[in-house]
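Encoded as structure tokens, the structure appears first; notes follow it.
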Amino acid sequence: MATPALRAIRTRFRQSHITYLQRPYIGELLAGCPWFDAVERWPEGRAGRLSSHLRLVKRLRHGKFDLAILFPNSFRSAMIARLAGADERVGFARDGRGWLLTRRLTPKRDGRCFVAVPMVDYYRELVAAVDCPVEDPSLELCATPEDEQRLDARLGHDDERPIAVLNPGAAYGSAKCWPAERYAEVADLLALRHGMRVIVTCGPSERAIAHALKSAARRALEVFVDPPLGLGPLKALIRRAKVMITNDTGPRHFAAAFNTPVVTIFGSSDPAWTETSHALERKVSVALDCQPCMQRICPLGHHNCMKHVSVEMVMSAVGELLEVSGGVAGSERHANSRSSLAPAYVQDAR
């Protein structure tokens with residue numbers, strides 16, 4: 001969701017040297033994107049944490065940076081920018097860090113609560129403060145030739161069926177997860193009705209979900225979890241997919257970046273925070289008095305926000321997407337398919 005803002009920074013500062021300070025996994029995520037010149041990585045793990053941060057500060061000071069744009073809201077990011085000697089430090093005044101910034105943006109509030117603002121717009125406001133207007137709000141990622149080759153090695157070359165990707169996990173917590181047994185029913189119907197090759201992707205910590213899905217499915221499917229696919233090949237897989245069904249989690253935004261049809265199942269989370277206006281997304285949810293709770297685990301213990309989402313609701317959204325998109329892979333679709341807001345499928349379950 002930061003990619004429109006990152007693209008705008010590069011457009012505004014075409015002749016400048018741009019360095020990203022990022023967590024290690026972001027490297028694979030942004031591989032192939034042409035908006036930066038160098039990368040520094042946050043220290044990982046607790047061993048030698050202080051010494052690692054001091055070495056990072058030393059390297060950044062050597063870079064003599066004129067401007068630091070802070071996408072995270074963390075105190076740590078502002079402190080590092082200050083210690084690194086960046087002349088200007090721009091960010092939202094959150095996490096008690098306002099005094100470390102030279103240009104402070106005020107997040108929108110309603111009383112003591114933050115107003116739900118799509119992260120695309122949140123980042124747009126951030127970079128507008130340094131004269132980097134976001135002209136195009138569409139998300140963007142690149143699947144590199146290496147990503148494609150690694151995916152080919154995993155897929156093999158003897159299956160021409162259209163690909164459906166299921167993403168049943170969620171790193172945030174179980175409250176975001178539609179039951180694995182429902183995903184299994186959807187997988188069976190995708191194979192039966194549409195002749196699709198169903199591929200399940202999960203992270204390393206989500207093996208139990210992936211195996212539960214596979215055990216419940218009546219038709220053959222593939223589970224890419226042992227070993228996990230990796231972010232690079234996952235980008236390539238979603239780019240090729242005819243449709244993706246997912247919880248509200250990161251790979252959902254890969255679909256938007258590659259203009260791939262995606263059905264997103266919402267439960268505990270508020271869609272307003274992550275709206276991308278992807279025309280080929282259909283949001284499926286039920287309306288309950290207790291949602292959105294934004295909790296990792298259902299605080300009421302019933303998880304009805306997900307249990308009341310039916311297989312029929314999800315398959316209806318899939319059918320509409322396949323009709324609208326013409327069943328064409330993401331990279332081959334008409335460029336104007338982003339032009340309208342995506343509708344939502346909501347069932348009132350109160």
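The values are calculated or read from the model by the stated rules, or taken from the named source; none is laboratory data. For clarity, every value in this text was computed on a predicted model and none was experimentally measured. Glycine also receives a Cβ, built like all others from the backbone with ideal geometry; neighbour counts cover every protein chain displayed.
When the residues of segment 4-27 are filtered to those that are touching a strand residue (DSSP E or B) at 6+ places or on another chain (Cβ under 9 Å) and small (G, A, S), the one that is modelled with the lowest pLDDT is G27. Could you grab the pairs with beta carbons closer than 8 Å, sequence gap of 6+ or different chains, first residue in segment 249-260 and closer than 15 Å to A272 by Cα, second one in a helix (DSSP H, G or I) and β-branched (V, I, T)? Close Cβ pairs (under 8 Å, with a partner that is in a helix (DSSP H, G or I) and β-branched (V, I, T)) amount to R252/T274; H253/T274. All conditions in (1) surrounded by fewer than 17 Cβ atoms within 10 Å (Cβ to Cβ); (2) out of contact with any Phe, Trp or Tyr (no Cβ under 8 Å at 6 or more places or on another chain); (3) assigned by TED's automatic domain parsing to the domain that holds R240; (4) of a type outside the set (V, I, T) hold for R154, with the sole exception of (2). The set of residues in segment 191-229 being at positive phi and crowded, with 16+ Cβ neighbours inside 10 Å is empty.
With the structure loaded, tell me whether V165 is assigned to a strand (DSSP E or B), of a type in the set (A, V, I, L, M, F, W, C), within 28 Å of R219 (Cβ to Cβ) and in the same structural domain as A220 (by TED's automatic domain parsing) or whether it fails that test. Don't jump to the end; show me each part of the working.
Details: assigned to a strand (DSSP E or B): yes; of a type in the set (A, V, I, L, M, F, W, C): yes; within 28 Å of R219 (Cβ to Cβ): yes; in the same structural domain as A220 (by TED's automatic domain parsing): yes.
Answer is yes for this residue.
Is it fair to say T264 is farther than 22 Å from M119 by Cβ, crowded, with 23+ Cβ neighbours inside 10 Å and under 17 Å from the mean Cα position of the chain (by Cα)? Against the criterion (farther than 22 Å from M119 by Cβ, crowded, with 23+ Cβ neighbours inside 10 Å and under 17 Å from the mean Cα position of the chain (by Cα)), T264 does not qualify.
Quick grid of which residues meet (1) among the acidic types (D, E); (2) more than 30 Å from V225 (Cα to Cα); (3) in contact with a Ser or Thr (Cβ under 6 Å, 6 or more places away or on another chain); (4) surrounded by fewer than 15 Cβ atoms within 10 Å (Cβ to Cβ):
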{"site": "T102", "(1), (2), (3), (4)": "no, yes, no, yes"}
{"site": "D110", "(1), (2), (3), (4)": "yes, yes, no, yes"}
{"site": "C113", "(1), (2), (3), (4)": "no, yes, no, yes"}
{"site": "R124", "(1), (2), (3), (4)": "no, yes, no, no"}
{"site": "C132", "(1), (2), (3), (4)": "no, yes, no, no"}
{"site": "A143", "(1), (2), (3), (4)": "no, no, no, no"}
{"site": "G169", "(1), (2), (3), (4)": "no, no, no, no"}
{"site": "P179", "(1), (2), (3), (4)": "no, no, no, no"}
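The rows are residues; the columns are (1) under 30 Å from V311 (Cα atoms); (2) modelled with pLDDT of 95 or more.
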| position | (1), (2) |
| --- | --- |
| P145 | no, yes |
| H157 | no, no |
| A164 | yes, yes |
| A171 | yes, no |
| K176 | yes, no |
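In this structure, is R89 touching a Ser or Thr at 6+ places or on another chain (Cβ under 6 Å), modelled with pLDDT of 95 or more and in a strand (DSSP E or B)? The answer is yes for R89. Mind listing whichever residues of segment 66-85 are out of contact with any Lys or Arg (no Cβ under 9 Å at 6 or more places or on another chain) and surrounded by 14 or more Cβ atoms within 10 Å (Cβ to Cβ)? Matches in segment 66-85: F71, P72, I80.
Within segment 28-70, the set of residues being part of a loop (DSSP other than H, G, I, E, B) and in contact with a strand residue (DSSP E or B) (Cβ under 8 Å, 6 or more places away or on another chain) comprises F36, D37, W42, F65, D66, L70.
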